[in-house]
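Working notes, beginning with the structure itself.
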Amino acid sequence: MRPVTDPATDPATDATPVKAPTLPDAQTVTFVKHWTDRLFSFRVTRPASLRFRSGEFVMIGLMGDPDPKTGKQKPLLRAYSIASPSWDEELEFYSIKVPDGPLTSRLQHIEAGDEIILRPKPVGTLVHDALLPGKRIWLFATGTGIAPFASLLRDPQTYEDYDEVILTHTCRQVEELQFGKELIDSIRSDELLAELIGEGFHDKLRYYPTTTREESPKMGRITDLMRKGEVFEDLGVDPINPDNDRAMVCGNLAFNLEIKEMLEGYGLEEGANSKPAQYVVEKAFLD
């Protein structure tokens, strides 16, 4: 660390360069939490100019390895849903660790004070604007697909638009549900959210976690539980219908395709920012 000097007596002060970011579009990591050996979340500073709708994603990453011939480095970027709500002063992300993944094999080692690349151009389909008005919204997630819903569940508009909000989260192991469990617990006890949205807003929120490999209070793939009617029976709600229900889906590709077919079987139509309808799927996300 460079020693502190007195500008009045240090002739070199004026010539000392200000430390510049070492990465393009750099943001500083402020917090990292490892949930399991496969999952971690982190928070970074938010660009002053960044405006986004809860549920959108941005491209983040690190610099790749130098080219063997030229020595030049290129940014290694991936789409990451913003897990924090649009009003938050920082940005939160939730990520899987892929041992041989070009980005996550390195990203999982970041610490507070490190820098990452963040391209401040948010996009995405999991936004309220892509859905027609309804009474109940289903948020279907697998694995780290819960990230955009962590943003939407802390957005006042979610509770203004719907009488009931149901989050389903399916993971392989019980420990992989911990991020969602703590999210729901924090929402239900958050005084700031109660002030923003209104006392008792969390009474609209229902949480339905399931596991597929490790034993838990509710086991099974959410799609299988829906086919059997078990989900609706457990929650005490009517089956999904296009008049009242809206849905957002974020998970692995096979899950997205399967639940997309199921939702259309219920009579729901896929929406988009340009043409709102009854459900949307985040195509950019692969768990």
- Percent of Cα pairs exceeding the 18 Å cut-off, where the set is region 215-287: 44 percent
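Between the DSSP loop rule and a limit of at most 12 other Cβ atoms within 10 Å, which GluC sites (Glu not before Pro) in region 27-122 are left? Before the final figure, lay out each step's value.
On the way: sites: 56, 89, 90, 92, 111, 115; in loops: 56, 89, 111.
Those satisfying the criteria are 89, 111.
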- Nitroxide proxy distance, nm - points 7 Å out along Cα→Cβ at residue 218 and residue 261: 2.4 nm
- Query: In whole angstrom, how far apart do the alpha carbon centroids of region 73-117 and region 150-167 sit?
  - Reply: 25 Å
- Low-density loop positions, GluC sites (Glu not before Pro), region 202-276 - DSSP coil, at most 14 other Cβ in 10 Å: 214, 215, 269
- Task: Mind giving me the nanometre distance, one decimal, between the label points for residue 31 and residue 196, set 7 Å out from Cα along Cα→Cβ?
- Result: 1.4 nm
- Query: Hey, what angle do you get for helix 253-265 against the long axis of the chain, alpha-carbon based, 0 to 90 degrees rounded to 10?
  - Reply: 30 degrees
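Based on Cα coordinates alone, diagonalise the gyration tensor for the chain, multiply each eigenvalue by 5, take square roots, and list the semi-axes in whole Å, largest first.
On the way: eigenvalues 302, 90, 66 Å².
Its equivalent ellipsoid spans semi-axes of 39, 21, 18 Å.
Could you look at region 89-173 and say what percent of its accessible area is carbon and sulfur, using a 1.4 Å probe and all protein chains? Display every interim value, and only then the final one.
Numbers: 1450 of 3000 Å².
Of the solvent-accessible surface of region 89-173, carbon and sulfur hold 49 percent.
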- Once both labels are modelled 7 Å past Cα along the beta-carbon direction, what's the residue 135-residue 227 spacing in nm? 2.9 nm
- Beta bridges per DSSP with both ends in the chain, % antiparallel, nearest 5: 50 percent
- Mind scanning 135/260; 97/135; 97/181; 121/181; 69/283; 72/283 and naming the pairs with a C-alpha gap bigger than 26 Å? 97/135; 121/181; 69/283; 72/283
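In whole percent, what relative contact order does region 65-122 give with Cα contacts below 8 Å and a gap of six or more residues?
On the way: 34 pairs, mean separation 12.6, N = 58.
Answer for region 65-122 is 22 percent.
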- In region 219-287, the trypsin sites (Lys or Arg not before Pro) that sit in a DSSP loop and have at most 11 other Cβ atoms within 10 Å of their own Cβ are 228
- Task: May I ask for the Rg/Rh ratio of region 96-253, computed from Cα atoms with Rh as the Kirkwood radius, given to two decimals?
- Result: 0.98
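Output needed for region 161-248: three equivalent-ellipsoid semi-axes, defined as square roots of 5 times the C-alpha gyration tensor eigenvalues, in descending order, whole Å. Kindly include the intermediate steps, with their values, before the conclusion.
Numbers: eigenvalues 114, 75, 16 Å².
Square roots of five times the eigenvalues give 24, 19, 9 Å.
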- Query: Which three lengths, in whole Å and largest first, does region 100-146 cover when its Cα atoms are put on their principal axes?
  - Reply: 43, 25, 20
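The values are calculated or read from the model by the stated rules, or taken from the named source; none is laboratory data. Just so it is clear, the structure is predicted and the values come from calculations on it, not from any experiment. As a convention, Cβ positions derive from the backbone with ideal geometry for all residues, glycine included, and neighbour counts pool all protein chains shown. Heavy atoms of the whole protein, side chains included, go into the accessibility calculation; ligands, DNA and RNA do not. Shrake-Rupley method; radii C 1.70, N 1.55, O 1.52, S 1.80 Å.
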